[in-house]
Every structure is written in C-alpha cells, then in structure tokens.
Amino acid sequence: MRYGVGCVQHWKTGRSALRYALFIGLAAVAGVLSLVPAAFAQELFVTNFDGDSITVYNRTDSGDTAPIRTLVGAATGLDGPDGLVLDLINNELLVANNDINAITVYNRTDSGDTAPIRTLVGAATGLNFPRDLAVDLTNNELFVSNIGNNSITVYNRTDSGDTAPLRTLSGVLTEFNGPKHLLLDLTNNELLVSNADSNSITVYNRTDSGNTAPLRKLVGAATGLNGPRGLLIINNELFVANADGNSITVYNRTDSGDTAPLRTLVGAATGLNGPRGLFLDSGELFVANYDNNSITVYNRTDSGDTAPLRTLVGASTGLNGPKELAVSPSGIPTLSEWAQIGMAALLVGGGLLAVRRNGRLS
C-alpha cells in the first residue's frame with residue numbers, strides 16, 4: 001500500500017515538473033522566435049549633415065518613405081554629422097561631428113533625443129573638422145580624417161573625453177590635401193585616403209605616423225577623379241565617389257599614377273548628385289547623394305548611364321544633406337543578440353532535458 005502511494009506521489013511530482021519544464025521550454029522558444037525578426041532585420045543608417053540627425057530605414061526602402069527611427073536633438077550632441085561607422089560586434093554607432101570637433105558614440109538602436117554613451121572631444125584630441133572615421137576591430141583602434149589640419153589621427157577604440165591620439169599622420173610628405181574620407185584595408189594592412197582638393201587617392205601602411213610619404217597615389221587627368229569622397233574596396237576593386245563629377249569610378253585596388261578607371265557610373269539616368277558615402281551589401285552599391293537628398297542603389301558592376309535599382313528620396317524620408325551611410329550586413333545578429341539567442345537556446349535545451357528525465361522517472 002505504501003508503495004502504491006509513493007508511486008502516485010512520484011507521478012504527481014513528475015507531472016508537475018513536466019509541466020514546469022514544458023513551460024520553460026515553450027517560453028524560451030517564444031523568446032527565440034521574437035528575437036529572430038529583430039536580429040535578422042537589415043537596416044540602413046544615414047548621417048544628415050544639414051539636419052544634425054541620423055535616420056534609419058529598412059534596407060530595401062525606396063521612394064518617399066519615412067525612417068523607422070531618427071536620432072536627433074540637443075542631447076545627442078550631433079552637430080554637422082559626417083562620417084559614420086556601424087560596429088555590430090560592440091553594438092555601437094560612431095559618428096564624426098565636423099562642426100564641433102567631436103566623435104560621439106551611441107548604442108546601435110538609440111533614437112530620439114538620446115545622449116551619447118561617450119564623446120571624444122577637446123584640444124588634446126587633435127580633432128580638427130573631422131570628416132570621416134573607421135574602426136579597426138582587430139587592433140581595437142579608431143581612425144579619423146581631419147580636413148582642418150590635413151591629418152589622420154588614431155585612438156584606442158573606446159577613448160573618450162580630452163584624450164590625445166595614439167599617433168598622428170600629417171605633414172607635407174603625406175600629400176594630404178583636404179582628406180575627406182578614409183578606408184582601412186585590413187586584408188592588406190593599408191590605409192587609403194581621398195584628397196578632395198588635389199583629386200587624388202593616397203595609400204599608406206596602416207601603422208604609418210608622422211610626416212610619412214604615401215606608398216602609392218592615384219592621381220591625374222586620366223583617373224577621372226573629381227572631388228573624390230567615399231571609398232570602398234570589394235573583389236580587389238577600389239570604388240570612389242566623385243562629388244564634383246557626379247560619378248562613381250572603379251579601379252584595380254593597387255592602381256597608381258595617372259590610370260584610367262576600369263569602369264565609370266555616370267550620367268543623368270544614374271541620379272548621382274554630389275555623391276558622398278558608399279556602402280556595398282549583398283551585391284548592391286548604396287550611394288548617399290548630398291546635393292539632392294537621396295540614397296540611390298545599383299548593382300555592384302553597373303557602369304555608364306545606368307538608372308538605379310531604387311531611390312530613397314522625398315520630404316518624408318527626413319534626408320537632409322546625407323553624407324555617409326551604412327547597412328547592417330546580411331542581417332547578422334550583434335554580439336548581444338547572439339547572447340540572448342544563446343541563452344534562450346540553453347533554456348530550451350534545459351527544458352527538453354527535464355522533460356526527458358521526468359518522462360523516464362514517471
């Protein structure tokens with residue numbers, strides 16, 4: 001009799017544990033499913049130089065579409081925002097503010113009148129009308145181009161306040177002349193700089209500092225460079241946005257001297273109008289057009305007078321002097337999102353293990 005009571009009690013306990021395990025497992029599954037849309041949703045980020053704002057859209061938005069969120073207001077510290085870096089590893093958004101000589105950093109999903117999580121600003125920083133920036137996540141460094149004093153300054157990635165640079169590349173030998181945009185090529189350990197005032201692209205070793213001459217330079221009438229701004233390397237090709245020529249010129253990565261482009265995207269049908277920032281994602285080339293407040297998108301290999309695949313433009317977009325852009329690539333979750341997904345997966349596994357164990361016990 002005592003044995004029968006024990007079996008009943010054990011069965012009741014097992015059934016209760018089973019319900020509890022199933023509840024945990026189902027809750028965890030629901031958590032994973034709720035994270036999937038957010039984690040894998042691709043977004044397009046744009047700096048608006050004249051609007052002191054960052055506007056964010058769905059990657060494929062076109063026409064007169066309103067942003068899904070906007071970072072704007074006095075607390076943000078945005079003032080002449082130009083260069084933009086989307087750091088998905090640390091879930092951060094970094095912005096170069098030309099008008100106040102500052103680099104401001106936000107959480108990736110910040111919106112509204114939200115203060116930065118840190119700001120690099122002050123006389124010791126050497127920032128002087130910063131235009132563009134790049135983050136080296138391998139060496140944990142931050143690179144900034146300064147048109148006010150023709151320099152590239154380099155910091156620890158997380159530096160803030162009035163912190164001096166780790167090193168500075170400047171001087172007559174560098175041949176900097178209005179360095180507007182920069183590009184880190186970590187595969188080849190090189191730093192590329194577009195010089196708008198001399199229509200040239202100069203290239204250095206990544207760790208160069210002081211008054212160092214470039215390894216090579218692309219310059220001359222045949223290049224088609226005309227107010228070069230945004231830079232991009234993909235498939236061993238160098239893409240350049242020419243703000244004054246309303247064109248995108250493409251070269252072999254190592255081209256130098258007075259070398260003609262492999263191909264040029266140019267003409268009335270392209271919609272290019274003062275192109276600044278460039279970004280490539282999933283075979284598509286995104287271009288920020290400052291002069292007509294638009295984002296145009298092309299196939300990577302487009303050339304000649306080719307119309308864009310789509311255009312984001314209109315009063316509802318909030319675009320106001322767009323300078324730089326970035327796309328969250330391929331919908332890859334951030335480190336924090338992977339952590340949440342991993343935790344949910346562990347809960348699912350724990351719940352299923354408890355179900356199996358209690359099934360055997362009962």
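Please treat every number below as a calculation from the coordinates, not as lab data. Remember, predicted model here, so these are calculated numbers, not experimental data. Cβ placement follows ideal geometry from the backbone for every residue including glycine, while neighbour counts extend to all protein chains displayed.
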Separation of alpha-carbon centers, segment 273-317 and segment 51-111, rounded to whole Å: 18 Å
Amide H contacts of Glu141 (H built 1.01 Å from N, under 5 Å, at least 5 apart or other chain): Asp136, Arg157
Two-site label geometry, Thr65 and Thr138: point separation in nm, points 7 Å out along Cα→Cβ: 3.4 nm
Fewest-first ranking of Lys323, Lys180, using other Cβ atoms within 10 Å as the exposure measure: Lys180, Lys323
Simple spin-label estimate for Thr109 and Ala74 in nanometres, 7 Å along Cα-Cβ: 2.9 nm
Relative packing of peptides 87-94, 209-216, 44-51 - highest average C-beta neighbours within 10 Å first: 44-51, 87-94, 209-216
Separation of alpha-carbon centers, segment 118-145 and segment 164-202, rounded to whole Å: 13 Å
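Given 0.36 nm per residue, what is the gain on full extension from Leu215 to Asp197 after removing their alpha carbon distance, in nm?
Working: separation 18, 0.36 × 18 = 6.48 nm, distance 1.95 nm.
Full-extension gain reported as 4.5 nm.
What is the gain in length, in nm to one decimal, between Thr301 and Thr163 on full extension, counting 0.36 nm per residue of separation less the C-alpha to C-alpha distance? Provide the component values of the computation, followed by the final result.
Numbers: separation 138, 0.36 × 138 = 49.68 nm, distance 4.22 nm.
Using 0.36 nm per residue and subtracting the Cα-Cα distance, I get 45.5 nm.
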Cα gyration tensor category, rounded, prolate or oblate, for segment 42-327 with a/c compared to 1.5: oblate
Calculated from backbone phi, Karplus (6.51, -1.76, 1.60) coupling profile of segment 239-245 in Hz, x at Gly/Pro: 9, 10, 8, 9, 5, 8, x
Asn177 paired with Asp244, simple spin-label distance in nm, labels 7 Å along Cα-to-beta-carbon: 1.0 nm
